[in-house]
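Trainee: Below is a structure I'd like to ask you about.
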Amino acid sequence: MKLCVIPGDGIGHEVVPVAVGVLQAVLPGLQLVFADAGWEEFCRNGKALPERTLAAARECGAVFFGAVSSPMQLVEGYRSPIVQLRRELGCHANIRPTLSLPLASSRNGIDLIIVRENTEDLYVGDEQSDGEVAVAIKRITRKASLRVARSAFELARNAGRQRITIIHKANILPRTDGLFRDCAREVARDFPEIAVDEMLVDTAALRLAQAPESFDMLLAPNLYGDILSDLAAAFGGGLGLAPSLNLGVAAAIAEPVHGSAPDIAGQGIANPLAAILSVAMLLRVWWQRPELALRIEQAVRATLLDGIATPDVMSPGVTTQHLARVVIERIRQQ
Ligand code: NAI
Ligand code: MG
């Protein structure tokens, strides 16, 4: 088994190495290939995603990506390497779970997964403006909609999930969102054991805010999925604990939801749990080793139950390194 490790920028350098340490505690034979990407790499070598990083990612199939910084203004030649990497590796589904954790900042009773289409919708970035009128293309295809729906239903089947809620706004956008919904319904016929319902995205936002525990899985087009999953992340204890997996046919990228956090980078206090829980997703979904994923997740839970966490969620907090060391200790005690 091989893993391409891309720490990126900022706290990526802090959370990625310790999460790799946790992964090695359950998978000692893992081979690691380290590679560079991001803003620092762009400043050094003029490329945010160098060819050799892309080649290493392709070769390994499994990728662990930390976070990168993106400038707020347009910089000639700079493109977000994670967006490019997802595209190059054909990672068509973004999977974002939210789980209640034993923390004051987390809400009880939640165990939901949002599956977001990862390649099209308004994210094709096809915009035009003459200064008076600006237009953006919302592109939805049958192919991408069927593909992400299939991944979502397969995930539901493997994870023993009961229900998928299709998110759309087909009352206003019957052609685009209607197509997405119809494709999801078509795929659903192959999974009779999984219940299906649908909800308008605005209603879903309200319902997520009011009763997040009432959801099992949500399947959404790109933009709605982006927004709803950040909302859901708030219930899991915040950005420092929100994991994700970008899933494709030939590759998967584990990636904490947070960015490079320049405000705390270099202080050794970044929360590594989002990164740690992301590699657990790689174990469960990509490498099909759910029993190893569970060991990591149980160790994380045990650590939090002991009141040990970084300052973003606990006071007084411990350092990134200390927290990861405790998680590894808990794994060894299992
Ligand atoms: P951010 O996620 O980096 O930080 C938002 C806030 O959450 C900050 O106060 C930060 O300290 C805190 N935070 C985030 N992760 C944390 C962790 N693991 N432990 C403790 N606290 C944590 O988002 P922001 O500030 O909007 O963006 C900063 C940079 O990151 C920008 O350059 C942005 O472009 C980039 N970014 C990259 C992403 C990626 O690589 N996928 C995703 C989001 C932002
Ligand atoms: Mg987002």
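Trainee: Being on the phi < 0 side of the Ramachandran plot, in contact with an Asp or Glu (Cβ under 6 Å, 6 or more places away or on another chain) and assigned by TED's automatic domain parsing to the domain that holds residue 244 narrows it down to one residue among 59, 40; which is it? Break it down into steps so the answer makes sense when it comes.
Mentor: Details: 59 fails: in contact with an Asp or Glu (Cβ under 6 Å, 6 or more places away or on another chain).
Going through 59, 40 in turn, the sole match is 40.
Trainee: Given the options 244, 229, 145, name the one that is more than 16 Å from ligand 2 (Cβ to nearest atom) and polar (S, T, N, Q).
Mentor: On the way: 244 fails: more than 16 Å from ligand 2 (Cβ to nearest atom); 229 fails: more than 16 Å from ligand 2 (Cβ to nearest atom).
On inspection, the qualifying residue turns out to be 145.
Trainee: When you go through 233, 299 one by one, which is the residue that is at negative phi, within 16 Å of ligand 1 (Cβ to nearest atom) and of a type in the set (A, V, I, L, M)? Talk me through it step by step, then tell me what you get.
Mentor: On the way: 299 fails: within 16 Å of ligand 1 (Cβ to nearest atom).
Just a single option satisfies the conditions, and that option is 233.
Trainee: Filter the range 305-324 down to the residues that are part of a helix (DSSP H, G or I) and out of contact with any helix residue (DSSP H, G or I) (no Cβ under 8 Å at 6 or more places or on another chain), then identify the one that is farthest from residue 64 (Cα to Cα). Walk me through how you get there before you give the answer.
Mentor: If we filter the range 305-324 for residues that are part of a helix (DSSP H, G or I), which is where we start, we get 305, 320-324.
Imposing the further condition that a residue be out of contact with any helix residue (DSSP H, G or I) (no Cβ under 8 Å at 6 or more places or on another chain) reduces the set to 305, 322.
Working: 305: 27, 322: 21 Å.
Within the range 305-324, the match that is farthest from residue 64 (Cα to Cα) is 305.
Trainee: Using beta carbons and a limit of 7 Å, which pairs, at least six apart or on different chains, have the first residue in the range 257-271 and within 27 Å of residue 115 (Cβ to Cβ) and without any contact (Cβ under 8 Å) to a residue 24 or more places away in the chain and the second one basic (Lys, Arg) and surrounded by 13 or more Cβ atoms within 10 Å (Cβ to Cβ)?
Mentor: Hits for this filter: zero, empty list.
Trainee: Moving on to the next point. So, in the range 10-24, how many residues would count as being surrounded by 20 or more Cβ atoms within 10 Å (Cβ to Cβ) and either touching a Phe, Trp or Tyr at 6+ places or on another chain (Cβ under 9 Å) or of a type outside the set (Asp, Glu) (or both)?
Mentor: Residues of the range 10-24 surrounded by 20 or more Cβ atoms within 10 Å (Cβ to Cβ): 10-12, 14-16, 18-20, 22-23.
Cutting the leftovers down to either touching a Phe, Trp or Tyr at 6+ places or on another chain (Cβ under 9 Å) or of a type outside the set (Asp, Glu) (or both) gives us 10-12, 15-16, 18-20, 22-23.
Of the residues in the range 10-24, 10 are surrounded by 20 or more Cβ atoms within 10 Å (Cβ to Cβ) and either touching a Phe, Trp or Tyr at 6+ places or on another chain (Cβ under 9 Å) or of a type outside the set (Asp, Glu) (or both).
Trainee: While we're looking at this one, here's another question. In this structure, is residue 84 over 16 Å from the mean Cα position of the chain (by Cα), over 20 Å from residue 270 (Cα atoms) and either surrounded by fewer than 22 Cβ atoms within 10 Å (Cβ to Cβ) or within 16 Å of ligand 2 (Cβ to nearest atom) (or both)? Steps first, answer last, please.
Mentor: Details: over 16 Å from the mean Cα position of the chain (by Cα): no; over 20 Å from residue 270 (Cα atoms): yes; either surrounded by fewer than 22 Cβ atoms within 10 Å (Cβ to Cβ) or within 16 Å of ligand 2 (Cβ to nearest atom) (or both): yes.
Here the answer is no, as residue 84 does not meet what is asked.
Trainee: I would also like to ask the following. Scan the range 66-100 for residues that are β-branched (Val, Ile, Thr) and over 23 Å from residue 248 (Cα atoms) and report the count.
Mentor: Here is the first cut: in the range 66-100, the residues β-branched (Val, Ile, Thr) are 68, 75, 82-83, 95, 98.
In the following step, the residues that additionally are over 23 Å from residue 248 (Cα atoms) were identified as 75.
Summing the residues that are β-branched (Val, Ile, Thr) and over 23 Å from residue 248 (Cα atoms) in the range 66-100 gives 1.
The values are calculated or read from the model by the stated rules, or taken from the named source; none is laboratory data. Note that the coordinates shown come from a computational prediction; the quantities given were computed from them, not determined experimentally. Cβ: placed from backbone, ideal geometry, glycine included. Neighbour counts: every protein chain shown.
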